[in-house]
Structures are given as structure tokens and as C-alpha cells.
Amino acid sequence: LMILLITPIAAWFLAVFVSGMLTGPIHRLHKGTEIIGAGNLDYKVGTNAKDEIGQLARAFDTMTEDLKKNTVSVEEWEKTFNSITDLIFIQDNDFTIQKANKAFAGAMKMDPKDIIGKKCYNLLHNLDHPWPGCPFERAKQDHASHVEEVNDPNIGIPLLVSVSPIIDSRGA
């Protein structure tokens, strides 16, 4: 009778122990993907296990190191973008400004965050539709870069406008 009681309890403890050995490294990998996905490229999954999960964890750490070496941080990109003295802004296909550097914001006499979300044709040309002959409109149509001198009285100074479309994998 005692053996019948102890055997299921021992089997349960053994099952908990074995499942912990299997799921622990998988849990660490899952946690690592979340932490690294959030931008912490210094995180190491790390394991001494010699099995396939240990190999996967080490490959994951190697991949993260390689990614760290080949990735420019958002902060570094932001510093570079704002140190450029040319007036630069990034807009979406609907002419809505998504990003503006300090030089552009200074020329507009606005804070960069106040420029975000505005239509470029409204901000620059005081129009409620794209400016006639807009180089961005042509770039949207032919997916090519365009450079044009723009002399709109609303801007007040002639500008050499360079438009370079960023085309995604769908060609949009």
C-alpha cells in the first residue's frame, strides 16, 4: 500500500523536475527575444547546456552580438539627423511630415515636434493641396529621385529641393 502511494508522488516530482529542465531554457529564450526585441542588444540568453536548446541559445547570443555590431542606434541616427545643416524632413505618401531635423524646424521658426503631422504643402506653401510641379508628387509616380529649384513666394527664399523616395518591398 505504501509503494502504491509513494510511486505516484515520486513520479509527479520527477515529472516536475524534468519539465523544469526542458522548459527553463525555453523560457529564458522567450524572455531574451522580448528583451532584445525591445532594443536591449546587450542581453545574453546564455546557457551551459550541451543539448539543442543550449546550441540555439548560444546561436541566439551570437546573432545578437552581430546585430549590435551592425546596427546604428536610434540615438546615433537622431544625433546625425539633427546635426545636418541642410533642411531635411521626412514625409509619408500623403505629404504628412513624419520627422524634421533641427535645421528645418529652425528655418520654419517652429519646434520640431510641432511640425510632425502637418502637410508639407500647407506648412511650406500655405496651400490645401500639393504645390503645382511638386517634385515629391513626381517621385511618387516614377519612383525616381528629383532635384528642383523651388521659388515659392510663401517660403521667401529659393530652395534647391531634393526628393528621394524610399520604396518598400511591395514597390510602394
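The values are calculated or read from the model by the stated rules, or taken from the named source; none is laboratory data. Quantities reported herein were computed from a predicted structural model and do not represent experimental measurements. Cβ: placed from backbone, ideal geometry, glycine included. Neighbour counts: every protein chain shown. The accessibility values were calculated without ligands, DNA or RNA, using every heavy atom of the protein model including side chains. Shrake-Rupley method; radii C 1.70, N 1.55, O 1.52, S 1.80 Å.
Among residues belonging to segment 112-126 that are of a type outside the set (Lys, Arg) and open to solvent by 70 Å² or more (accessible area, probe 1.4 Å), point out the one that is nearest to Gln91 (Cα to Cα).
Among those that are of a type outside the set (Lys, Arg) and open to solvent by 70 Å² or more (accessible area, probe 1.4 Å), it is Ile116.
For segment 69-172, give me every one of the helices (runs of 4 or more DSSP H) that falls completely inside it and has 2 or more residues that are aromatic (Phe, Trp, Tyr) and under 30 Å from Ile36 (Cα atoms).
74-83
Looking only at segment 74-110, which residues are open to solvent by 80 Å² or more (accessible area, probe 1.4 Å) and touching an Asp or Glu at 6+ places or on another chain (Cβ under 9 Å)?
Gln98
Conditions (1) within 22 Å of Thr62 (Cα to Cα); (2) open to solvent by less than 80 Å² (accessible area, probe 1.4 Å); (3) in contact (Cβ under 8 Å) with a residue 24 or more places away in the chain; (4) in contact with a strand residue (DSSP E or B) (Cβ under 9 Å, 6 or more places away or on another chain), marked per residue:
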| position | (1), (2), (3), (4) |
| --- | --- |
| Met2 | no, no, no, no |
| Pro8 | no, yes, no, no |
| Met21 | no, no, no, no |
| Pro25 | yes, yes, yes, no |
| Gly32 | yes, yes, yes, no |
| Ala38 | yes, no, no, no |
| Asp42 | yes, no, yes, no |
